[in-house]
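One structure is given below, encoded as structure tokens.
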Amino acid sequence: MTACIFCQIIAGEAPARIVYRDDGVIAIHDIMPQAPTHILILPVRHITSLMETQARDTALLGEMCSRAVSIARELGLPGYRLVINTGAQGGQTVGHVHLHLLGGRQMTWPPG
């Protein structure tokens, strides 16, 4: 078993509330939500952080954003925030790139 919790979820070795899944991306509910709606969209292929992406990942990153928009529409969110934390200083706590879809409340600025 791998140490990456997201890879464990993808492999079916750890539980998650799955919102969407295909061959390229999976979307799950965050177990520590920071908003009434907090969905994580992540690639099925392990990529440690956004800093490790390459030109070949452009379509995958676009698919992650597109899937976030589709999920937000399905959930009827009138507005939302998309966030990718990158590196420890950027607030990334799991070493597998993932996009946060946050909604269901008024977002404020600056975020923190």
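The values are calculated or read from the model by the stated rules, or taken from the named source; none is laboratory data. Keep in mind that this is a model prediction, so the values were computed, not measured. Using ideal geometry, Cβ is built from the backbone for each residue, glycine included, and neighbour counts are taken over all protein chains shown.
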Could you list all residues from segment 74-96 that are in contact with a Phe, Trp or Tyr (Cβ under 9 Å, 6 or more places away or on another chain) and aliphatic (A, V, I, L, M)?
Val94
Boolean, His96 is part of a strand (DSSP E or B) and at pLDDT 95 or above
no
Between a first residue in segment 1-13 that is small (Gly, Ala, Ser) and a second residue that is assigned to a loop (DSSP other than H, G, I, E, B), which pairs have beta carbons less than 9 Å apart while being 6 or more apart in sequence or on different chains?
Ala3/Gly95; Ala11/Met1; Ala11/Thr2
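Sort out which residues of segment 56-78 are of a type in the set (A, V, I, L, M), in a helix (DSSP H, G or I) and crowded, with 16+ Cβ neighbours inside 10 Å, and write them in order of number. Give the derivation first.
The first filter runs over segment 56-78 and keeps only residues of a type in the set (A, V, I, L, M), leaving 59-61, 64, 68-69, 71-72, 75, 77.
Those left that are additionally in a helix (DSSP H, G or I): 59-61, 64, 68-69, 71-72.
Matches in segment 56-78: Leu60, Leu61, Met64, Ala68, Ile71, Ala72.
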Looking at segment 74-96, which of its residues are closer than 17 Å to Pro111 by Cβ and charged (D, E, K, R)?
Arg81
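Looking for whichever is of a type outside the set (Val, Ile, Thr), part of a loop (DSSP other than H, G, I, E, B) and closer than 19 Å to Cys4 by Cβ here; the options are Met51, Met32, Met107. Which one fits?
None of the other options fit; the residue is Met32.
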Residues to consider are Thr58, Thr53; find the one that is touching a Leu at 6+ places or on another chain (Cβ under 8 Å), free of Cβ contacts under 8 Å to residues at least 60 places away in the same chain, of a type in the set (Ser, Thr, Tyr) and over 18 Å from Ala16 (Cα atoms).
Thr53
Checking Met32 against (1) closer than 23 Å to Pro111 by Cβ; (2) surrounded by 14 or more Cβ atoms within 10 Å (Cβ to Cβ), only one condition comes out false. Which one?
(2)
Just name the residue that is farthest from Arg81 (Cα to Cα) out of those in segment 36-55 that are loosely packed, with under 14 Cβ neighbours inside 10 Å and touching a Gly at 6+ places or on another chain (Cβ under 7 Å).
Met51
